[in-house]
Amino acid sequence: MKRRFSVIITAFFIVILLSACGKTQIDNSINSSASNTETVTKNAEKSVTEQITEKESQPAETTAKKMLRIDVNGNTLYADFEDNSSANALKEQLLSGSITLNMEDYGGFEKVGDLPFSLVTNDEQITTEPGDVILYQGNKLTIYYDTNSWNFTKVAKIRNSDSSLKTMLGDGSVNVKFSLEDE
């Protein structure tokens, strides 16, 4: 009788211990799932700009040795990127493939075209020079063939640009292809 009672008491404690272990595992599983859902939701809510800014703090070896290639009217121009978050964001976009913009003359000193996306800006008061590639209002890319002073974000500078740049860009509307190329 004592032995039976001892077995029943032992079995009772084993059942209690096992049920407590199962509850802890279920609670941990529920907490883990909730945490993963919260992380996914937070990441989905981040803007493209925030995600690009986070990437900039990480080493960007894929774009570090790239230059901007500009194809227009049968001419190929090369530009060196500026060292700012706007230029880095443009490089990141171009890693997905080239973009072609329809660019128009504006003010007798630049070609301007609308980007299919917006980029973070780093505007500062500057006077442009021929060959400057400027981000304007976060969603327009301009190539300057003359000077202008305003609050702009410079993203690149065309190599060896001179007075012939206006002739290369042509008059009126022109399609300009922007892509990355290894240095």
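Results, tabulated for the structure shown:
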| item | result |
| --- | --- |
| Some residue of the range 50-66 being assigned to a loop (DSSP other than H, G, I, E, B), touching a helix residue (DSSP H, G or I) at 6+ places or on another chain (Cβ under 6 Å) and either polar (S, T, N, Q) or modelled with pLDDT under 95 (or both) | yes |
| The range 93-117 - residue that is among the hydroxyl-bearing types (Ser, Thr, Tyr) and in contact (Cβ under 8 Å) with a residue 24 or more places away in the chain and, of those, farthest from LEU141 (Cα to Cα) | SER98 |
| Conditions (1) among the hydroxyl-bearing types (Ser, Thr, Tyr); (2) more than 20 Å from SER173 (Cα to Cα); (3) in contact with a helix residue (DSSP H, G or I) (Cβ under 8 Å, 6 or more places away or on another chain); number of the one not met by THR128 | (3) |
| Unmet criterion (only one of (1) closer than 15 Å to ALA87 by Cβ; (2) surrounded by 12 or more Cβ atoms within 10 Å (Cβ to Cβ)) for ASN175 | (1) |
| Residue in the range 69-88 that is surrounded by the fewest Cβ atoms within 10 Å (Cβ to Cβ), counting only those that are within 11 Å of ILE158 (Cβ to Cβ) and touching a helix residue (DSSP H, G or I) at 6+ places or on another chain (Cβ under 8 Å) | ASN75 |
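The values are calculated or read from the model by the stated rules, or taken from the named source; none is laboratory data. On a predicted model such as this, the values are computed, not experimentally measured, just so you know. Methodologically, a virtual Cβ is constructed for each residue, glycine included, from the backbone with ideal geometry; neighbour enumeration extends over all protein chains shown.
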